[in-house]
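So the structure is just underneath, and the comments pick up after that.
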Amino acid sequence: MGSQWSKSRAAEWYDSVGWLRGCNYMPANCANRIDMWQNLGLEEHTAWAAEELALAHRLGFNSVRLILEFTVWREEHDTFFDNVDRYLALCDENKINVMLTVGNDCVTPKTEHWREEHVGVQPCDWGYHGGKKYSPHQSHDLVGFHVLDAPETRDLYFDFVRESIERYRNDSRVVMWDLYNEPGNVNRGDMTLKNLPIMFEIARGIDPIQPLTVGIYNGRNTASCNEFCFKNEDVISYHCYGTIEENVRYIRELKSFERPIINSEWLARPIGSTIQDLFPFFYAQNVSCYMWGFVAGRYQTYEPYNATWERYERGELRDFDFRLWYHDLYRPSHRPYDPKETELIRRICDLADDDMKKKKT
């Protein structure tokens, strides 16, 4: 049985991997994560991924965050990990390591718009962030539904987590395990607190070579979940789509834990989370970073949420700049959304690479 890494072990690991920078990745021709991991369309999706990951390597990225999909594991179990291996191999060919995420609280409330997810042709609502008009972030009042809430799928989900970590526990292509994306989000709060100890127990029992982290979200109803994670994870990861000042304040608090810090979700141009401000800042602070999105496509994370439009129409959110893409760096043509952004990223990545060369000599 493993235990939380010491601060010195975490620091040694971080020193060995260097400054991680990349994105939350999905091929641009995928509508969602089921689309990405399932057998249907796999050849076409991985062909696109080969080109996009080569583009990421040329830009200077050395890591991506991938969120695994329980639905595909359950319905196409015998081929699921073969498909994961395809993506890991493509990343490795481009000198990109992978943060694998196995839990996720960005789940849709069970309203009249909710639909059970299955493999197959995936729907796509055009013009909406994430390709969903009714997304997990649609309401501030409703509670997201997770398959962990259902007795018939709860144990099965933990089997999915266990199998995933066991398979890649010694795989150097996997740089860390993100056990849970934004625990407590979508008003789930302490509903998720009962799941986190089991997730850590599973992972510690397997004792992978990679560190454990949790992508915490500093929002309503997440305080208890975050506190638990701080006491159990090996390295600290957080999400912040806010301005540089908000990140400064957040990082200032997180430094008190004396562990490596990773921002595993950021970039929201219309609300002040910009490449120009934050990418050089993360480098200077030695905070690894994974922006959301890469090439604009069917997932449409360059678009605002439907909830954003509704808030604006109610007279709220008047400072939101609808002229700007929300996320993503590249157009479908693989031309940059803003060449000044990608040129800056390339220059900062060159500095980081030079740091690593000096460290090795």
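Set Lys and Arg Cβ to +1 and Asp and Glu Cβ to -1, take the dipole of region 7-360 about its Cα centre, and tell me which of N306, F282, M36 lies farthest positive.
The residue sitting farthest along the positive end of the dipole is F282.
Between E245 and A150, what is 0.36 nm times their sequence separation minus the Cα-Cα distance? Round to one decimal in nm.
Extra length from E245 to A150 when fully extended: 30.2 nm.
Of the DSSP beta bridges with both residues in the chain, give the percent that are antiparallel, rounding to the nearest 5.
10 percent
Please compute the length gained on full extension between D82 and Q4, using 0.36 nm multiplied by the number of residues separating them and subtracting their Cα-Cα distance.
25.1 nm
Specify the residue with the greatest mean-square fluctuation among T213, T111, T301, computed from a Gaussian network of the chain linking alpha-carbon atoms under 10 Å apart.
Per the Cα network of the chain with a 10 Å cutoff, T111 tops the list.
Could you tell me the center-to-center distance, by alpha carbons, between region 27-88 and region 199-220 in angstrom?
What the calculation gives is 22 Å, centre to centre.
Mind checking which of L344, L179, L20 has the largest fluctuation in a GNM of the chain, springs on alpha carbons under 10 Å?
With Cα springs under 10 Å in the chain, the top fluctuation among L344, L179, L20 is at L344.
With point charges of +1 on the Cβ of Lys and Arg and -1 on the Cβ of Asp and Glu, referenced to the Cα centre of the chain, which listed residue (T153, W325, T192) lies farthest in the positive direction of the dipole?
The listed residue farthest towards the positive side: W325.
Under 10 Å, Cα contacts only: if you run a Gaussian network model on the chain, which one of I271, I348, I198 comes out with the highest mean-square fluctuation?
I198
Using each residue's phi in region 147-156, evaluate 6.51 cos²θ - 1.76 cosθ + 1.60 at θ = phi - 60° and report the 3J(HN,Hα) Karplus result to the nearest Hz, with x for Gly and Pro.
Using θ = phi - 60°, the values come out as 4, 5, 6, 9, x, 6, 10, 4, 5, 5 Hz.
Strictly over 31 Å apart at the Cα level, which of K7/K95; K7/K357; K110/K255; K194/K255; K95/K340 would you flag in this model? Intermediate values should be presented prior to the final figure.
On the way: K7/K95 27 Å; K7/K357 25 Å; K110/K255 38 Å; K194/K255 27 Å; K95/K340 24 Å.
Going by Cα-Cα distance, K110/K255 fall outside the 31 Å limit.
Under the 0.36 nm per residue contour assumption, what length would be gained going from the current alpha-carbon distance of A223 and D207 to full extension?
Contour length minus the Cα-Cα distance gives 3.1 nm.
Using the number of other C-beta atoms within 10 angstrom as an exposure proxy, rank E44, E313, E246 with the fewest first.
With the fewest neighbours first, E44, E313, E246 line up as E313, E44, E246.
If you scale each eigenvalue of the Cα gyration tensor by 5 and take the root, what three semi-axes come out for region 7-360, rounded to whole angstrom and sorted largest first?
Working: eigenvalues 137, 124, 100 Å².
Those come to 26, 25, 22 Å.
Using the Cα centre of the chain as the reference point, and only Cβ charges (+1 on K/R, -1 on D/E), how large is the resulting charge dipole? Debye, rounded to the nearest 20. Can you show the working numbers first?
Details: 42 positive and 56 negative charges, 207 e Å.
Approximately 1000 debye in magnitude.
Read-outs: derived from the displayed coordinates by stated rules, not from any lab. Just so it is clear, the structure is predicted and the values come from calculations on it, not from any experiment. Don't worry about glycine lacking a Cβ; one is built from the backbone with ideal geometry, like all the others, and counts go over all protein chains shown.
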